[in-house]
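**Student:** I am attaching a structure below and will ask some questions about it afterwards.
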Amino acid sequence: MDLIYFRGCMGRERVPEIVRATRQILDHAGVSYSILEDEECCGSVLLRTGFREDAKEKINENLNLFSDSRLLVSCAGCYRTFKIDYPRLFNVKVDVIHSSHLFYQLLEAGEIQIKGDLKVTYHDPCHLGRHCGEYDAPRKVLEAIGTLVEMEDHHMNAQCCGAGGGVKSAYPHIAEKVAQERIKQALNTGADILCTTCPFCKYNLKSHRIKVMDISEIIANLMGVPRSTKIN
Amino acid sequence: MEIIEDPMIRELKETVKNIRETSIKNLEKLLQRVGESFEDNDIEFYIAETGEEANNIIYDIVKDEKTIAKSKSNTLTEINLVKFLEKKGLEVIETDLGDRIIQLTNDKPIHPTAPALHFNMEEIADTINEKLKVKVDANPEDIMNTIKSDVLRKLEDVNVGITGANAVAAYDGSIVMVHNEGNIGLLSLKDTHIVVFGIDKLVSTLEDAISVAKLETVYATGSRVPSYIGVVSGPSKTADIQKILLKNMYGASRVVAIALDNGRRKAPPECLWCIGCGTCITSCPIYNVVGYDFGYKGYLGGRGVAFTNFIEGERASFDAGIYMCTLCSRCTTKCPLEVPIADIIEEVRCKVQRAGYKLDAHENIKRNIKETGTPFR
């Protein structure tokens with residue numbers, strides 16, 4: 001089955017480093033995939049902010065583009081939307097996999113080898129964790145890379161980064177305050193890196209106090225580099 | 001071990017989920033049934049479609065009074081009873097300590113069960129000293145005792161006590177009220193006891209009502225039980241003299257129950273499962289940084305702003321912060337009823353948006369997506 005890497009609006013325009021890293025990993029592992037040059041919005045931001053009719057129009061267009069392909073996404077928001085909202089609104093099943101899950105599969109299959117001695121803490125994106133129940137794959141990847149240390153609130157109890165639901169765009173100061181609370185929890189773990197699996201989270205959690213990285217960036221950085229190499 | 005992990009409490013949670021889901025499903029039947037039960041129990045009963053209707057029913061009962069007293073109740077806050085009665089020239093005494101402090105400071109509550117959590121001791125002492133013309137040190141016991149004596153003195157001349165209810169048993173005609181301070185006990189012993197409750201508080205039996213009240217306490221306070229769970233199923237009565245029925249012994253001679261709709265029937269069932277424990281509020285990342293600006297009256301946090309839509313309309317839920325929620329669903333995982341708050345908020349946002357209440361930031365994003373396929377310019 002064809003694999004389309006659906007980059008998502010954040011990946012395309014705000015945090016392209018996630019797309020770059022993800023493509024490096026896919027290429028390295030020999031995964032064949034395509035990119036939609038005319039990729040547009042998945043519909044998530046419209047659905048979350050009360051524009052359901054506009055979202056449905058967009059989703060209808062997207063469904064024609066995807067046909068029967070399998071979708072790979074970097075964004076927890078895209079993931080939830082394809083996984084839950086597309087079926088709910090259009091009674092269609094979308095075959096979608098989140099990048100963290102694919103990375104775990106590649107790791108398990110030996111298609112990528114990574115070793116490191118990083119101390120990492122993991123932020124569960126709400127749309128991946130609580131909404132879709134995906135907690136394990138990113139953690140298994142991180143455990144392979146080094147030491148995973150949990151924050152005070154994790155898995156189902158994880159604190160939100162503050163960006164979701166249109167809050168980042170409408171109330172940036174609130175989003176920022178919520179992010180600071182999460183950063184405090186991350187700092188308390190003593191981790192070198194705060195890892196997440198959603199570009200919205202990465203974008204909003206950005207801090208000068210701790211390095212915030214998408215899981216793809218951590219993997220791409222460590223692929224094929226000597227064991228003890230640290231990420232700056 | 002956290003109390004909510006206790007196997008018996010977990011079981012209770014499942015029981016209450018079932019009770020609430022069934023009750024809301026059978027709401028109309030329970031509403032009809034409770035009228036019959038109240039009649040059997042000699043409780044006067046009214047159904048108020050709106051807050052205004054409820055206020056008028058109450059005013060009709062208390063219009064000859066100078067002062068009445070009330071307990072803490074989101075439903076009474078919802079209908080603006082205090083302001084309404086004050087406008088009519090009555091004095092209203094808040095008997096809940098936190099609410100009384102707020103009444104004296106003219107502020108608003110920050111938590112459904114701990115309304116005055118945001119004041120420090122000095123602020124409270126200063127207010128009391130100024131308003132009650134006393135000299136109290138900033139320590140909790142002195143503050144409590146001063147307010148207690150003042151309220152008790154005022155209660156001597158009060159004939160009517162007004163309370164809310166935590167659950168109402170339709171088949172038994174019983175009203176269940178949870179409190180720790182003992183104030184609801186005092187109020188229910190006044191000559192007339194008026195109870196106002198949302199129609200969503202109905203359950204089938206007294207056992208169900210107690211289960212709801214107990215679970216609410218566990219989740220609201222972390223204690224297994226409150227100091228008091230009061231049950232009122234009729235006026236005070238005795239038949240000790242030759243089996244002749246006499247009313248008005250120690251307690252109320254008149255009990256009035258008012259069931260309030262005020263838009264609740266328009267709400268999705270899941271929104272009405274709520275038992276009012278406030279767990280969604282304390283677990284909300286937005287509420288924790290924004291405070292009561294993310295809410296409407298006593299209805300705080302995500303569930304509160306969504307509920308606001310049904311009782312007060314699109315404008316009110318917009319003002320309450322319907323767009324402030326990140327839809328993170330942390331509330332739902334913490335909520336004993338697992339109310340799908342984010343889903344309800346998404347629904348409400350569609351209504352609010354269609355009514356023209358939207359934010360420029362979101363409108364721009366929508367336009368950008370339409371024109372260029374991306375939220376960003």
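Since every read-out is calculated from the coordinates, none of them should be taken as a lab result. Model, not experiment: these values are computed from the prediction. A quick note on method: Cβ atoms are made from the backbone with ideal geometry, for glycine too, and the neighbour counts reach across all protein chains shown.
**Student:** Rounded to the nearest 5, what % of DSSP beta bridges with both residues in chain B are antiparallel? Don't skip to the end; give the middle numbers.
**Tutor:** Details: 12 of 36 bridges.
Of all bridge pairs located within chain B, approximately 35 percent are antiparallel.
**Student:** What residue among A:Gly165, A:His127, A:His155 has its Cα farthest toward the positive end of the dipole of the range A:113-222, where the charges are +1 on Lys, Arg and -1 on Asp, Glu, each on the Cβ?
**Tutor:** Working it through, the farthest residue towards the positive pole turns out to be A:Gly165.
**Student:** Another question, then. Would you mind checking the pairs B:Lys70/B:Lys351; A:Lys184/B:Lys108; A:Lys140/A:Lys184 and listing those with alpha carbons more than 26 angstrom apart? Intermediate values should be presented prior to the final figure.
**Tutor:** Values: B:Lys70/B:Lys351 35 Å; A:Lys184/B:Lys108 30 Å; A:Lys140/A:Lys184 24 Å.
Beyond 26 Å between Cα atoms: B:Lys70/B:Lys351; A:Lys184/B:Lys108.
**Student:** I would also like to ask the following. Dipole size in debye (nearest 20) for chain B around its Cα centre, Lys and Arg Cβ +1, Asp and Glu Cβ -1? Don't jump to the answer; show the numbers that get you there.
**Tutor:** Values: 46 positive and 56 negative charges, 151 e Å.
Computed charge dipole of chain B: roughly 720 debye.
**Student:** Can you tell me the length gained on complete extension of the stretch B:Glu44 to B:Ile4, counting 0.36 nm per residue apart and subtracting the Cα distance? Intermediate results must be reported in sequence, preceding the final value.
**Tutor:** Numbers: separation 40, 0.36 × 40 = 14.40 nm, distance 3.77 nm.
Between B:Glu44 and B:Ile4, full extension yields 10.6 nm more.
**Student:** Per-residue HN-Hα couplings for the range A:149-162, Karplus 6.51 cos²θ - 1.76 cosθ + 1.60 at θ = phi - 60°, whole Hz, x for Gly and Pro?
**Tutor:** These are the phi-based 3J(HN,Hα) values: 10, 8, 7, 3, 10, 8, 6, 4, 8, 3, 7, 6, 6, x Hz.
**Student:** Another question about this same structure. I want to check the label-to-label distance for B:Ala114 and B:Met144. Put each point 7 Å from Cα in the C-beta direction and report it in nm to one decimal.
**Tutor:** According to this spin-label approximation, the distance is 1.5 nm.
**Student:** May I pose another question? For labels at A:Glu181 and B:Asn288 in the simple 7 Å Cα→Cβ model, what's the distance in nm?
**Tutor:** The answer from the label model is 0.4 nm.
**Student:** For the residues A:Met10, B:Met121, what sequence is obtained by ranking on other C-beta atoms within 10 Å, fewest first?
**Tutor:** Numbers: A:Met10 26, B:Met121 13.
Fewest to most other Cβ atoms nearby, the residues stand as B:Met121, A:Met10.
**Student:** Counting only residues 5 or more places away or on other chains, whose amide H sits under 5 Å from the amide H of B:Leu202 once H atoms are built in the peptide plane?
**Tutor:** B:Val168
**Student:** Follow-up question, since we're still on this one. Compute the FRET efficiency between B:Lys66 and B:Thr372 as 1/(1 + (r/R0)^6), taking r as their Cβ-Cβ distance and R0 = 60 Å, and round to the nearest 0.05. Don't skip to the answer; put the middle values down first.
**Tutor:** Working: r = 67 Å, r/R0 = 1.11.
Given R0 = 60 Å and the Cβ-Cβ separation, E is 0.35.
**Student:** Taking 0.36 nm per intervening residue step and subtracting the Cα-Cα distance, what contour gain separates B:Lys351 from B:Thr205 on full extension? Mind showing how you got there, number by number?
**Tutor:** Numbers: separation 146, 0.36 × 146 = 52.56 nm, distance 3.57 nm.
Contour length minus Cα-Cα distance gives 49.0 nm.
**Student:** Step through the residues of the range B:44-50 one at a time and calculate ³J(HN,Hα) from phi using the Karplus curve (6.51 cos²θ - 1.76 cosθ + 1.60, θ = phi - 60°), rounding each to whole Hz and writing x for Gly and Pro.
**Tutor:** 5, 9, 10, 10, 9, 6, 10
**Student:** While we're here: Compare the peptides B:154-164, A:163-173, B:30-40 by average per-residue count of other Cβ atoms within 10 angstrom and give them in order, highest first. Present the calculation step by step, with values, prior to reporting the outcome.
**Tutor:** Values: B:154-164: 19.7, A:163-173: 22.6, B:30-40: 18.0.
Result, highest mean first: A:163-173, B:154-164, B:30-40.
**Student:** Please compute the length gained on full extension between B:Leu189 and B:Glu14, using 0.36 nm multiplied by the number of residues separating them and subtracting their Cα-Cα distance. It would help to have the intermediate numbers written out before the result.
**Tutor:** Numbers: separation 175, 0.36 × 175 = 63.00 nm, distance 3.43 nm.
Stretched out fully, the B:Leu189 to B:Glu14 stretch lengthens by 59.6 nm.
**Student:** Give me the dipole magnitude in Debye, nearest 20, for the range B:54-101 about the Cα centre, with unit charges on the beta carbon: positive for Lys and Arg, negative for Asp and Glu. Each step should come with its number before you reach the end.
**Tutor:** Details: 8 positive and 9 negative charges, 19 e Å.
The dipole of the range B:54-101 has a size of about 100 debye.
**Student:** Could you go through the range A:20-30 in sequence order and give the Karplus-derived ³J(HN,Hα) for each residue, using 6.51 cos²θ - 1.76 cosθ + 1.60 with θ = phi - 60°, rounded to whole Hz, and x for Gly and Pro?
**Tutor:** 4, 5, 4, 5, 4, 5, 4, 5, 4, 8, x
**Student:** Still on this model: If R0 is 35 Å, what FRET efficiency do you get for B:Gln242 and B:Thr22 from their C-beta distance, rounded to 0.05?
**Tutor:** Numbers: r = 44 Å, r/R0 = 1.26.
That pair, B:Gln242 with B:Thr22, gives E of 0.20.
**Student:** If you don't mind, another one. Name the residue, out of A:Thr22, A:Thr121, A:Thr189, whose mean-square fluctuation peaks in a Gaussian network model built on chain A with Cα pairs under 10 Å.
**Tutor:** Comparing A:Thr22, A:Thr121, A:Thr189 in a Gaussian network model of chain A, the most mobile one is A:Thr189.
**Student:** In the neighborhood of B:Cys328, defined by Cβ-to-Cβ distances under 12 Å, what is the net charge if each Lys or Arg adds +1 and each Asp or Glu adds -1? Walk me through the numbers on the way to the answer.
**Tutor:** Values: positive: A:Arg48, A:Arg80, A:Arg130, A:Arg182, B:Arg330, B:Lys334; negative: A:Asp124, A:Asp153.
Neighbourhood net charge equals +4.
**Student:** Can you sort A:His98, B:His193 from fewest to most other Cβ atoms within 10 Å of each residue's own Cβ? If you can, show how the numbers build up before the last one.
**Tutor:** Values: A:His98 29, B:His193 25.
Neighbour counts put them in this order, fewest first: B:His193, A:His98.
**Student:** Taking 7 Å along the Cα-to-C-beta vector as the label spot, tell me the A:Leu89-B:Lys266 distance in nanometres, rounded to one decimal.
**Tutor:** Placing both labels 7 Å along Cα→Cβ, they lie 2.5 nm apart.
**Student:** Considering amide H positions built from the backbone, and no H for Pro or chain starts, which residues 5 or more places from A:Arg130, or on another chain, come under 5 Å of its amide H?
**Tutor:** Under 5 Å from the amide H of A:Arg130 lies no amide H from a residue far enough along the sequence or on another chain.
**Student:** For the protein assembly as shown, build the charge dipole from Cβ charges (+1 Lys, Arg; -1 Asp, Glu) around the Cα centre, then report which of B:Asn166, B:Thr22, A:Ser74 sits farthest towards its positive end.
**Tutor:** A:Ser74
**Student:** Please give the calculated 222 nm ellipticity per residue for chain B, where each DSSP H segment of at least 4 residues contributes -39500 (n - 2.57) and the sum is spread over every residue; nearest 500 deg cm²/dmol? Please list the in-between numbers first.
**Tutor:** Values: 18 runs with 180 residues, N = 377.
Value at 222 nm, helices only: -14000 deg cm²/dmol.
**Student:** Can you find, among B:Pro375, B:Val151, B:Cys284, the residue sitting farthest towards the positive end of the charge dipole of the protein assembly as shown, where Lys and Arg contribute +1 and Asp and Glu -1 at Cβ?
**Tutor:** Farthest towards the positive end: B:Pro375.
**Student:** Now a separate question. With no other cysteine's Cβ closer than 4.7 Å, which Cys residues of chain B count as lacking a disulfide-compatible partner?
**Tutor:** If one checks each Cβ against the other cysteines of chain B, B:Cys271, B:Cys274, B:Cys277, B:Cys284, B:Cys325, B:Cys335, B:Cys350 turn up with nothing under 4.7 Å.
**Student:** For each of A:Ser67, B:Ser174, B:Ser233, count neighbouring Cβ atoms within 10 Å of the residue's Cβ, then give the residues from fewest to most. Don't jump to the answer; show the numbers that get you there.
**Tutor:** Working: A:Ser67 8, B:Ser174 24, B:Ser233 18.
Placing the least packed residue first, the sequence is A:Ser67, B:Ser233, B:Ser174.
**Student:** Can you list residues from other chains, or at least 5 along the same chain, whose modelled amide H is less than 5 Å from the amide H of B:Ile93?
**Tutor:** Excluding prolines and chain starts, which carry no amide H, the hits are B:Ile68, B:Ala69, B:Lys70.
**Student:** Given R₀ = 35 Å, FRET efficiency for A:Gln24-A:Arg209 by Cβ-Cβ distance, to 0.05? Before the final figure, lay out the partial values.
**Tutor:** Working: r = 27 Å, r/R0 = 0.78.
The value I calculate is 0.80.
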